[in-house]
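Before any comments, here is the structure.
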Amino acid sequence: MIDIKLLRENPDVVRDSIKRRGLSIDIDKVLGLDQKRVALMQQSESLRSKLKIDGKPTADELASLQETKKRFEQANNELEKLTDEYNELFTQIPNFIAEGTPEGGEENNREEKRVGETQQEFTPKDHIELSELHNLIDFEAGAKVAGAKFYFLKNRAVKLWRAVTHLTMDILEEEGFELLMVPHMVNMKVAEGTGYLPKGEENQNYIDKDQGLVMIATAELPLTGLHMDDTLNIDKPKMYAGISPCYRLEAGTYGKFNKGLYRVHQFEKLEMYIYCRPDESEAILQKILKVEERICSALEIPYRIIRIAAGDLSAPAYKKYDVEYFSPVENEYRELTSCSNCTDFQARNLNIRFRNTNDKLEFVHTLNGTAVTSSRTLVALLENHQQANGEVTIPEALQRYYGSAKL
């Protein structure tokens, strides 16, 4: 969530952020509820103080105390209802937007740079055709066992993915990340606090309502919850890399780059996550982006960097980049990884703080970025390293992990 003080002092800035994201939230109603809430809190505290007396009360004092207690309970009940209504609206307000963010929606995402050769001297096969040629993925068996968009990864595809993760983990350790395996489910407080369970979008997640648990769509969720309610020592940024399966319903996305592995209900991902001081977060975002570029370069995948437009930002994101791989099959770029600066938005929700140089508690900034996935990274590798005869070569940096120069 944002800082309520900023909303009170600069409501027009918040309105502008909401408008630029293409959202509609009644800020005047939020401010009105906030004023009533504050007034009721003050009234409640005033009544509470009147319930404290020294010694045994007289009959008149006892009657007055009973009346005050009744008013106190009524004020608290009204405050509780008002707070619930306020929280439901206030928590829908997204983060602020970084300077320089392009206006508009997805169509206005701005290309920052391109890297790598994209020319093809033959008609390339897509990853599904390559899978059939090399016996890599079984979508039919996955559908039989679990439904559409589930699959079995087989043989050399499993070996290739393990090689990718080992190479990437070595890179991340060199960059200073601590490797973690994380819980595959989080409670509702963590899911809501990270911004991955917005009101009205519960159908995007696999939820166990009886236990109040959400199957994670990314390791970002448990990595944020890791330090919930903690006061951190962040003289140096805390840098984690979590590997986990990811579960996504992908409701409403059918038809949008929907073929094969590109958009599935389950995949593995290695996720970067960093806690830092507010004055470090922009530099940390650039560091994460550089790591994503380093991984693409090691895997010899042609890519471009995209600055995400205001209307395409998720609620927690203040600033975001996508790294898109070149698809020789489609002759266009498609999303491979992304990285975001969420400033103090998630930390406020989950009460994650540090002591600043004045020894005052302040909320940390949180950032995240995808390193590799078992879905899109494999698609990018297979399609970009295929040969005219259907063989797939292994990038040089990956060969010692895979054990061969060819698939």
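Scanning region 8-30 for residues that are under 30 Å from residue 71 (Cβ atoms) and either touching a strand residue (DSSP E or B) at 6+ places or on another chain (Cβ under 8 Å) or buried (at least 16 other Cβ atoms within 10 Å of the Cβ) (or both) yields one hit, 30.
Select from region 376-404 the residues that are of a type in the set (S, T, N, Q) and either surrounded by fewer than 24 Cβ atoms within 10 Å (Cβ to Cβ) or farther than 17 Å from residue 272 by Cα (or both) and list them in ascending order.
Within region 376-404, 384, 386, 387, 389, 393, 399, 404 qualify.
Going by the conditions given, is residue 168 touching a Leu at 6+ places or on another chain (Cβ under 8 Å), closer than 30 Å to residue 30 by Cα and modelled with pLDDT of 95 or more? Considered against the rule, which asks whether it is touching a Leu at 6+ places or on another chain (Cβ under 8 Å), closer than 30 Å to residue 30 by Cα and modelled with pLDDT of 95 or more, residue 168 comes out as no. Test residue 49 against the criterion of being among the polar types (S, T, N, Q) and surrounded by 13 or more Cβ atoms within 10 Å (Cβ to Cβ), and give yes or no. The answer is no for residue 49. Quick check on region 20-37. Is at least one of its residues at pLDDT below 85 and more than 32 Å from the chain's Cα centre (by Cα)? No: region 20-37 contains no residue that is at pLDDT below 85 and more than 32 Å from the chain's Cα centre (by Cα).
Restricting attention to region 219-235, the residues that are part of a helix (DSSP H, G or I) and either touching a helix residue (DSSP H, G or I) at 6+ places or on another chain (Cβ under 8 Å) or at positive phi (or both) total 5. Take residue 324 and decide whether it is farther than 30 Å from residue 235 by Cβ, acidic (Asp, Glu) and touching a Lys or Arg at 6+ places or on another chain (Cβ under 7 Å). Yes, satisfied. Considering the conditions (1) crowded, with 17+ Cβ neighbours inside 10 Å; (2) modelled with pLDDT of 90 or more; (3) not hydroxyl-bearing (Ser, Thr, Tyr), residue 85 is excluded by exactly one of them, (1).
From the set of residues in region 315-337 that are closer than 27 Å to residue 129 by Cα and among the hydroxyl-bearing types (Ser, Thr, Tyr), which is nearest to the chain's Cα centre (by Cα)? Filtering first and then ranking leaves 337.
Condition check ((1) at pLDDT below 95; (2) within 16 Å of the chain's Cα centre (by Cα)) across all residues:
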position: 178; (1), (2): no, no
position: 182; (1), (2): no, yes
position: 189; (1), (2): yes, yes
position: 202; (1), (2): yes, yes
position: 209; (1), (2): yes, no
position: 217; (1), (2): yes, yes
position: 224; (1), (2): no, yes
position: 237; (1), (2): no, no
position: 240; (1), (2): no, yes
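Counted as qualifying within region 345-407 are the strands (runs of 3 or more DSSP E) with 3 or more residues that are within 17 Å of the chain's Cα centre (by Cα) and not basic (Lys, Arg), namely 365-373. Residue count for region 337-361 satisfying the condition of being more than 28 Å from residue 188 (Cα to Cα) and in contact (Cβ under 8 Å) with a residue 24 or more places away in the chain: 1. Filtering region 388-407 to residues that are within 12 Å of residue 134 (Cβ to Cβ) and in contact (Cβ under 8 Å) with a residue 60 or more places away in the chain leaves 390, 392, 407. Of the residues making up region 143-163, those that are of a type outside the set (Phe, Trp, Tyr) and under 16 Å from residue 379 (Cβ atoms) are 149, 153, 154, 156, 157, 158, 160, 163.
The values are calculated or read from the model by the stated rules, or taken from the named source; none is laboratory data. Quick caveat: nothing in here was measured; it's all calculated off a predicted structure. Backbone-built Cβ (ideal geometry, glycine too); neighbour counts: all protein chains shown.
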